[in-house]
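Here's the structure, in structure tokens; my notes come after.
The values are calculated or read from the model by the stated rules, or taken from the named source; none is laboratory data. Here the structure is a predicted model, which means the values were calculated and not measured. Here the Cβ positions follow ideal geometry from the backbone for every residue, glycine too, while neighbour counts run over all protein chains shown.
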Amino acid sequence: MTGEFFELLDLWRRQALLAGGFAALAPSAGFVMATRLTRMATAAGSPSVASLREAERMVSEKLSAAVEGGVAASRALTGLAAAAGPVAAGHVMIDAGEAALRPAARALRANERRLSRR
């Protein structure tokens, strides 16, 4: 019984870390969105080749991260059938959430670095 209790505590800890990691992306996402929207509004009258390229990049990066995250989450979820109980299933679900979030977080951090240099 004690082992199960500690497994449950570990599951809650991992859930909190996943939620915290997701929330920690908010400032970076806000910066990237504000920077891109400002640049798009500035170039709205006569978009340059660079601004059109940035607009294409926004869409392609989102699609790429979504597909990559979905595939990674699907791979992680294959372990759900072999989960020995609800706590083990919870760990698999958190693995899937982490896997799904990783590509988007990586793209967001790269965009923040790139956009802050300009």
Notebook entry, point to check: Name the residues in region 87-118 that are over 29 Å from E4 (Cα atoms), part of a helix (DSSP H, G or I) and more than 21 Å from the chain's Cα centre (by Cα), would you?
Noted result: R117
Check: Taking region 94-104 on its own, how many of its residues are surrounded by fewer than 19 Cβ atoms within 10 Å (Cβ to Cβ) and under 16 Å from M33 (Cα atoms)?
Finding: 0
Notebook entry, point to check: Which residue pairs have Cβ atoms closer than 7 Å, lie 6 or more positions apart in sequence or on different chains, and pair a first residue in region 92-105 that is touching a residue at least 24 places away in the same chain (Cβ under 8 Å) and farther than 17 Å from G79 by Cβ with a second residue that is of a type in the set (D, E) and in a helix (DSSP H, G or I)?
Noted result: P103/E68
Notebook entry, point to check: Of the residues S46, S74, S51, S28, which is of a type in the set (S, T, Y), out of contact with any strand residue (DSSP E or B) (no Cβ under 6 Å at 6 or more places or on another chain) and in contact (Cβ under 8 Å) with a residue 60 or more places away in the chain?
Noted result: S28
Next item on the list: For S51, work out the one condition from (1) polar (S, T, N, Q); (2) surrounded by 11 or more Cβ atoms within 10 Å (Cβ to Cβ); (3) at pLDDT 90 or above it doesn't fulfil.
Entry: (3)
